[in-house]
Amino acid sequence: MNNIELVIAPRERDLGGFHVRRVLPYAAHRMVGPFIFFDHMGPAMLAPGTGMDVRPHPHTGLATVTYLFEGIIRHKDSLGSDQNIIPGDINWMTAGKGIVHSERSPDEFRKSGGTVNGIQLWVALPDEFEDTDPTFFHHPASTLPEFSINDVKIKLLLGKAFDRESPVKIHSPLFYLDLKMPEGSSLKFPAHGEAAVYVVEGKVKVDDKETEECTMAVIKKCRQINLEALKESRALIIGGEPVGERFIFWNFVASSKARLEEAKSAWKSGPGSERFPKIPTDHGEYIPLPPELSNPKGTPL
């Protein structure tokens with residue numbers, strides 16, 4: 001049985017010095033469960049003396065989730081957090097009513113150069129958490145459940161699956177898994193809510209659909225996803241229960257257009273307000289609010 005609703009090919013975007021593959025939001029399918037944004041960063045080879053520089057910028061109404069396969073990124077935010085992210089770790093930042101953060105290559109990586117390859121997701125917060133105080137939590141790779149089923153190596157990044165649970169505190173029912181699949185291996189995943197499979201490398205048959213590298217197969221609401229590796233592959237599974245209609249403008253997510261307007265107004269002068277404080281050790285520059293003409297009222301999701 002083929003439960004695939006559509007297959008999404010990513011679009012390239014520039015992200016502070018290198019290109020990313022943007023998968024969500026997609027015109028024909030804006031969200032997968034509570035996941036509203038999916039960027040595959042790289043793989044990008046950064047030459048010695050160069051680096052990634054995503055200047056201070058704000059977020060509201062969402063949580064960011066950063067997970068690397070290769071490289072290192074230094075995260076700083078207006079709470080005073082200063083954390084290097086390395087492969088296998090999970091960074092979970094709840095923006096809530098408002099936070100400012102930056103993502104840059106640390107000095108040692110900038111000097112030597114190297115490859116950056118990873119995924120950044122945004123999770124829309126349920127209504128009751130839209131105005132929560134911002135928080136930041138770092139979870140080292142060693143704290144995340146790892147196990148094997150039918151020769152498939154599984155790392156549970158968020159939520160619950162296969163009678164296991166990630167230690168990352170989440171705000172609504174969701175799941176996020178990293179699969180390493182030898183050629184010919186298979187897995188039956190008991191999905192709930194909405195779900196999608198992203199093939200990082202290799203080729204995977206998702207139900208009856210052959211899904212190529214760097215594409216996402218979105219699954220209709222079902223009870224089980226059938227996966228088969230047609231070659232040695234790495235794949236991610238995301239999904240969960242929807243949180244309701246959401247609007248998005250730039251880095252702001254909200255349940256109403258009025259909330260978007262409030263966030264936009266608060267950022268017009270950049271960081272330094274009560275809602276969007278400065279990052280203590282990274283406040284010499286910032287990303288300004290984009291032109292209103294690009295999306296004046298926000299895009300409904």
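Let a ≥ b ≥ c be the square roots of the eigenvalues of the Cα gyration tensor of the range 42-160; is it rounded (a/c under 1.5), or, if not, prolate (a/b larger than b/c) or oblate?
In terms of gyration-tensor shape, oblate.
Apply the Karplus curve 6.51 cos²θ - 1.76 cosθ + 1.60, θ = phi - 60°, to the phi angles in the range 120-132 and return the couplings in whole Hz, x for Gly and Pro.
Values, residue by residue: 10, 10, 10, 10, 5, 7, x, 3, 6, 10, 4, 10, 5 Hz.
For the chain, evaluate the Debye formula with one uniform point scatterer on each Cα (no solvent term) and list log10 I(q)/I(0) at q = 0.16 Å⁻¹, rounded to two decimals.
So the normalised log intensities work out to -1.39.
If each residue of separation counts as 0.36 nm, what is the full-extension length gain between Lys209 and Asp133 once their alpha-carbon separation is subtracted?
The Lys209-Asp133 span can extend by a further 23.1 nm.
Using amide H atoms built 1.01 Å from N in the peptide plane, name the residues 5+ places from Glu232, or on other chains, whose amide H lies under 5 Å from its own.
Glu183
So if we plug the beta-carbon distance of Lys231 and Arg164 into 1/(1 + (r/R0)^6) with R0 = 25 Å, what FRET efficiency do we get, rounded to 0.05? Show your work: numbers first, answer last.
Details: r = 27 Å, r/R0 = 1.09.
For R0 = 25 Å, the calculated efficiency reads 0.40.
Determine the gain in length on full extension of the stretch Glu262-Lys111; use 0.36 nm per residue of separation and subtract their C-alpha separation, reporting nm with one decimal.
Contour length minus the Cα-Cα distance gives 50.3 nm.
Restricting to DSSP H runs of at least four residues, report the calculated mean residue ellipticity at 222 nm for the chain, -39500 (n - 2.57) per run over all residues, nearest 500 deg cm²/dmol.
Values: 2 runs with 17 residues, N = 301.
Helix-only estimate at 222 nm: -1500 deg cm²/dmol.
Round to the nearest 0.05 the FRET efficiency obtained for Asp151 and Arg55 when R0 = 51 Å and r is the Cβ-Cβ distance.
On the way: r = 44 Å, r/R0 = 0.86.
Here the calculated transfer efficiency is 0.70.
Give the relative contact order (percent, whole number) for the range 4-240; include only Cα pairs under 8 Å separated by 6+ residues.
20
Could you work out how far helix 257-267 tilts from the main Cα principal axis of the chain, as a 0 to 90 degree angle to the nearest 10?
50
Once you order the gyration tensor axes a ≥ b ≥ c over the Cα atoms, which shape class does the range 113-211 get: rounded for a/c under 1.5, otherwise prolate or oblate by comparing a/b with b/c?
prolate
Just so you know, all these numbers are worked out from the coordinates, no wet-lab data involved. The shown structure was predicted, so the numbers you read here are calculated from the model rather than taken from an experiment. Positions of Cβ are generated from backbone atoms using ideal geometry, with glycine treated the same way; all protein chains shown enter the neighbour counts.
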